[in-house]
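Enquirer: First the structure, which I've put down as structure tokens, then a few questions once you've had a look.
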């Protein structure tokens with residue numbers, strides 16, 4: 001090996017500041033960050049609900065964890081370097097909208113894990129990911145936060161004549177615990193009006209039974225029942 005090659009390799013493999021970190025520290029930090037990101041992504045995949053699942057989001061967690069760990073190694077305790085990196089990273093503009101608030105939490109957890117690995121606080125990073133993973137799995141299986149009685153929207157088109165509106169409201173009052181008229185559309189069709197109600201169902205009443213009961217009401221032409229999915233991201 002000639003002197004030029006030796007000089008090049010020495011420049012390539014040693015840090016700008018002697019003693020800042022070694023090659024072993026670098027690869028250990030990235031390896032532990034990757035393992036912690038794998039745990040977080042596995043928990044995310046297991047507990048995800050709704051229709052917004054994205055494989056690329058899991059890959060992003062790995063990227064965030066590993067990149068953050070290296071950034072923290074580079075910064076070290078140098079305040080000037082920290083401000084320089086913040087200024088450089090501020091050039092990046094993130095245009096992707098995060099639809100689910102949980103996704104933001106997972107990304108933040110991946111960054112914290114990377115920060116812990118980059119500053120060699122491995123125990124803190126591992127403890128955080130382990131505790132958070134157990135907590136999220138527990139909340140998922142307990143279905144924590146699920147509200148059993150969600151308000152729904154009922155849209156009914158009925159005959160304008162013959163007292164159909166009164167029969168509809170009586171049927172709604174019989175089925176639901178609370179009924180509020182929020183919108184009225186007159187003359188939506190020949191001889192028909194449409195009312196929109198916000199309702200709160202009684203316990204133990206299935207949506208299919210609600211629709212069947214209202215459709216049997218004399219004078220009802222069209223019926224639509226809108227219920228929100230609590231597991232949806234938006």
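A short reminder: the numbers here are calculations on the coordinates, not readings from a lab. The structure presented is a predicted model; accordingly, all values stated were derived computationally and were not measured. With ideal geometry, Cβ positions are generated from the backbone for all residues, glycine too; neighbour counts draw on all protein chains shown.
Enquirer: I'm checking a number: the convex hull volume of the Cα atoms of the stretch 152-226, normalised per residue, in Å³. What is it?
Expert: Values: hull volume 5.4 nm³, N = 75.
It comes to 72 Å³ per residue, whole-number rounded.
Enquirer: What does the highest-first list of 110-120, 38-48, 169-179, 65-75 look like by mean Cβ count within 10 Å? Let's see the in-between values first.
Expert: On the way: 110-120: 23.9, 38-48: 17.2, 169-179: 15.6, 65-75: 21.7.
Top to bottom by mean Cβ count within 10 Å: 110-120, 65-75, 38-48, 169-179.
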